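These notes concern the structure reproduced below.
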Amino acid sequence: EPSADDRFLVLSCAEGEHCGGLAQRLGGIPYYLHLANVTGRILLIRWTSPMSLTEFLVSPEGGIDWTVPEGLDIDQEEEDDEEAEAPCDPSDAARYFECAKERSEANDAVLALTPALSLVETSSYFEKHCVPNSGGGEHGDGRAELDGEIFRILFEPSPPISKRIRETASEQNLITGKYVSAHFRFQYRTVYATYATYLPNELAEHAIRCASTLMMNAPVYFSSDSLPVVKHVVEKSLYSRNVVGNVTVHDVPEEFSYSKGQYPIHVASSQDRMEQHHQLNAKLDDPVDFYPIFEDLLIMASGRCTAYGVGEYGLFAARLTGNFFSCSVEHQNERGKHKNYCIVDGLEPKLSPNARKKKESKTAREEEKKFNCRTRTTGGPQRNRPAGGAVTEEVRELMYSGAHTHT
């Protein structure tokens, strides 16, 4: 039972509220913990949409209990809040934080908020205000990574999901910290708008290649919200166990081969249990329908490194590993196209027919410009460049000698 002096900050996702996906709902927990601390409140989480969070995650023994105690009437408090003032603007984490602080002063027992901020916003704010940086790297790799530690103090998988994770890890020989993960989001507005007419299997394979560069010779756990893409990767792609023995030496550069006829990158993903990811706002009544979302997140979070794409689900998993700054790569840009080309098997990412035509046309135009430039400068095509301007084989070798160096 809550005491009369207790004050609560409740993250509420109820029917009719726009809570977004899993990363938006739970990715900002460090930010909201900081807000609860500053306002002198106890952080609680209450889901009724799609159902109680305890169906999927529970408080660990010895951790922080975030469940709503009996006798605390959150619904009435939310109704009073809605009548009193409009919600805070979620477009900026700093302004939202100040707005919530002001609202906290006007509320006695319960301040109920719908988690509407993006993971990028909340994590940036939290790192700036709460996370020490040892200065150990230009790109933030000297910064302490607390997302995973905080998450595990609050959450552990519910018994049904814990059982599924153990089964998958056993089937695929996944050892904590000894594998990498690749996530590909297909049901995302920019990706779907670009690739609505066909399945972008090459993007999924590119995600796997990127993940494989992060930890060579490690299994790659692949996750996607598109069941057909997962089936292609697991059953038909070069990374499927089904193709072992069908790959020629010509297809695989020698330095990446374990043995003749064996492809070097193997996907760790269940071939017996492939299930569709449903959005958390889907109108479904059975908790089992949402199990894959939590199972994949927690499996990826237990890996060493992560290749993530658009949206924030893969990014969320990458941050939970505790190695986000030192061992992750973004394989897609916001338009859903390739980013950070990862060519470890000698194969360029495939292009759609339209994209290939555009690339060929652009290359032809660029070559024409170069020819015209050389003609104007030298009076004809440049055949024998002077030694001072030549790119010799020795220089070219030095320029590209690091292309296949892995640490």
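The values are calculated or read from the model by the stated rules, or taken from the named source; none is laboratory data. For clarity, every value in this text was computed on a predicted model and none was experimentally measured. Please note: Cβ atoms are built from the backbone with ideal geometry, for glycine as well, and neighbour counts cover all protein chains shown. Side chains included, ligands, DNA and RNA excluded: accessible areas come from the protein's heavy atoms. Shrake-Rupley method; radii C 1.70, N 1.55, O 1.52, S 1.80 Å.
Give segment 170-192 a look and list any residue that's of a type in the set (A, V, I, L, M, F, W, C) and either modelled with pLDDT of 90 or more or open to solvent by 80 Å² or more (accessible area, probe 1.4 Å) (or both), or say none.
Residues of segment 170-192 of a type in the set (A, V, I, L, M, F, W, C): 174-175, 180, 182, 184, 186, 191.
L174, I175, V180, A182, F184 - these are the residues of segment 170-192 that are of a type in the set (A, V, I, L, M, F, W, C) and either modelled with pLDDT of 90 or more or open to solvent by 80 Å² or more (accessible area, probe 1.4 Å) (or both).
Modelled with pLDDT of 85 or more, in contact with a helix residue (DSSP H, G or I) (Cβ under 8 Å, 6 or more places away or on another chain), over 21 Å from S123 (Cα atoms) and of a type in the set (D, E, K, R): which single residue out of E275, E295, E312 fits that description? Outline the logic, then answer.
Details: E275 fails: modelled with pLDDT of 85 or more; E312 fails: over 21 Å from S123 (Cα atoms).
The match here is E295.
Listed residues F186, F222; which is in a loop (DSSP other than H, G, I, E, B), within 22 Å of N333 (Cβ to Cβ) and not small (G, A, S)? Steps first, answer last, please.
Details: F222 fails: in a loop (DSSP other than H, G, I, E, B).
Going through F186, F222 in turn, the sole match is F186.
Looking only at helices (runs of 4 or more DSSP H) that fall completely inside segment 1-111, which ones have 1 or more residues that are surrounded by 14 or more Cβ atoms within 10 Å (Cβ to Cβ) and at pLDDT 90 or above? Give the steps one after another, and end with the answer.
Working: elements: 22-26, 29-38, 74-84, 93-106.
Because the criterion is at least 1 residues that are surrounded by 14 or more Cβ atoms within 10 Å (Cβ to Cβ) and at pLDDT 90 or above, the helices (runs of 4 or more DSSP H) in segment 1-111 that meet it are 22-26, 29-38, 93-106.
Can you name the condition, by its number, that R46 falls short on among (1) at positive phi; (2) in contact with a Leu (Cβ under 9 Å, 6 or more places away or on another chain)?
(1)
Can you give me the number of residues within segment 119-158 that are in a loop (DSSP other than H, G, I, E, B) and at pLDDT below 95? Quick ask: steps written out before the conclusion?
Filtering segment 119-158 down to residues in a loop (DSSP other than H, G, I, E, B) leaves 131-132, 134-142, 144-146, 155, 158.
Adding the requirement that they be at pLDDT below 95 leaves 131-132, 134-142, 144-146.
Total satisfying the criteria: 14.
Looking only at segment 316-342, count how many residues are outside any strand (DSSP E or B) and buried (at least 24 other Cβ atoms within 10 Å of the Cβ). Can you show your working first?
Going residue by residue through segment 316-342, those that are outside any strand (DSSP E or B) are 316-327, 331, 333-337, 339-342.
Now narrow it down to the ones that are buried (at least 24 other Cβ atoms within 10 Å of the Cβ): 316-320, 331.
Matching residues across segment 316-342 total 6.
Do the conditions hold for E167, that is, is it more than 19 Å from the chain's Cα centre (by Cα) and open to solvent by 70 Å² or more (accessible area, probe 1.4 Å)? Steps first, answer last, please.
Working: more than 19 Å from the chain's Cα centre (by Cα): yes; open to solvent by 70 Å² or more (accessible area, probe 1.4 Å): no.
Against the criterion (more than 19 Å from the chain's Cα centre (by Cα) and open to solvent by 70 Å² or more (accessible area, probe 1.4 Å)), E167 does not qualify.
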